[in-house]
Amino acid sequence: MQTILGANGQIAEELAKELYQKYTKDIRLVSRNPKKIHETDQLFPSNLMDAKATEKAVEGSEIAYLTVGLPMNSQMWEDQFLTMMKNAINACKKHQTKLVFFDNTYMYAKTSEPQTEESPFKPTGRKSTVRAKMAEMLLNEIYNKTIVAVICRAPEFYGPNKTQSITNTLIFDNIQLNKKIKVPIKANTKRTLIWTPDASRAMALIGNTPNAYNQTWHLPCDDNRPTYKELIDLTSNIYGQKFEYSIVKMWQFKFGRFFNKKLRELLELLPRYNQDNIFISDKFKKSFPDFKVTTFDNGITQIKKEQNL
């Protein structure tokens with residue numbers, strides 16, 4: 001059995017589909033209110049803040065994937081994420097279950113320095129600090145050989161369906177709503193974005209590759225790294241209409257934070273939009289040369305079809 005801890009988000013849904021198609025029909029979906037994706041899915045309502053409940057959720061699993069997400073709320077992250085990680089680690093240790101952790105890049109320096117699996121953690125801000133502590137907690141267990149685990153790290157998403165990201169919200173969601181596109185901070189810095197189904201497919205592949213464990217992997221991205229201007233120009237070509245955009249400056253975000261809690265939570269992430277974001281996934285591509293990375297052309301075309309525009 002393979003179990004997904006935190007099974008309601010877009011990454012988890014795509015992961016379940018990939019596991020079912022290529023690896024196993026014996027899938028357990030764990031969350032507060034899990035929903036079936038396939039008829040054979042085993043639903044396991046559970047609270048990952050509860051150590052005993054997490055142990056029961058993992059019991060009998062060969063592999064557990066920790067894909068849990070929380071709203072952009074610093075206090076909630078500090079109160080819950082580290083406990084969830086601790087509970088998942090302890091449950092997997094008890095049942096001798098392999099752990100696959102889906103991680104992000106918040107702990108990296110928010111500079112134009114290329115990011116590799118060896119990049120040092122330089123968190124700035126509350127949410128970034130929490131993510132760094134989560135990764136360090138698991139890395140310490142791996143180093144001490146108390147668990148068989150792997151970290152799968154992804155940059156910002158773009159994608160179909162329920163994909164949640166700044167890029168999806170300000171570009172593709174606004175297109176769907178017939179609103180003007182917004183660009184955060186600058187339109188001329190390079191962006192590394194990962195297609196959400198690619199992230200899930202790659203994580204399933206890593207999880208089912210025994211010699212991939214006990215290390216960190218950057219999940220595969222299209223290396224074209226367009227600027228937002230280039231991304232919007234490409235989107236205009238694919239949709240067959242010219243999309244205009246406006247740039248939301250840092251001072252506007254800072255002013256808006258007094259009236260909008262979501263903007264207040266975004267502030268610590270915005271410096272990464274002020275310069276190129278270069279996320280390197282060469283290690284994965286060399287190790288899994290047959291994996292087909294979705295190009296921006298293909299990804300945006302799929303979003304357009306989904307939106308019926």
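Read-outs throughout are calculated quantities, based only on the coordinates presented, and are distinct from any laboratory measurement. From a predicted model like this one, the values you see are computed outputs, not experimental measurements. Every residue, glycine among them, receives a Cβ derived from its backbone with ideal geometry; neighbour counts consider all protein chains shown.
Which percent of Cα pairs goes in each bin when the distances of region 256-300 are cut into 10 angstrom slices starting at zero?
20, 26, 28, 21, 5
If eta is 1.002 mPa s and T is 20 °C, what Stokes-Einstein diffusion coefficient results for region 181-241, Kirkwood Rh from Cα pairs, in µm²/s?
Reported coefficient: 154 µm²/s.
Take the alpha carbon atoms of the chain, find their radius of gyration, then divide it by 2.2 N^0.38 Å using N residues; give the quotient.
0.98
What does the extension gain come out to for residue 275 and residue 259, with contour length at 0.36 nm per residue minus their alpha carbon separation?
3.1 nm
Could you pull out the GluC sites (Glu not before Pro) across region 226-280 that fall in loop regions by DSSP (anything but H, G, I, E, B) with no more than 16 other Cβ atoms inside 10 Å?
Here the sparse-neighbourhood loop sites are 244.
Would you please calculate the Kirkwood hydrodynamic radius of region 132-205 over all C-alpha pairs and express it in Å, rounded to one decimal?
14.9 Å
Work out the length of the dipole vector of the chain about its Cα centre, built from +1 on the beta-carbon of each Lys and Arg and -1 on the beta-carbon of each Asp and Glu, and round it to the nearest 20 debye.
800 debye
Between residue 70 and residue 291, with labels modelled 7 Å along Cα→Cβ, what's the label distance in nm to one decimal, could you check?
About 2.8 nm separates the two model spin labels.
Arranged by the count of other C-beta atoms within 10 angstrom, fewest first, what order do 279, 253 take?
Lowest count first: 253, 279.
Could you give the radius of gyration (one decimal) and Dmax (whole number) of the Cα atoms in region 46-182, in Å?
16.8, 53
So if the hydrodynamic radius of region 198-309 is defined as the Kirkwood radius over C-alpha pairs, what does Stokes-Einstein give as its diffusion coefficient at 37 °C and 0.692 mPa s, in µm² per second?
It comes out at roughly 191 µm²/s.
DSSP beta bridges in the chain, what fraction antiparallel, as a percent rounded to 5?
5 percent
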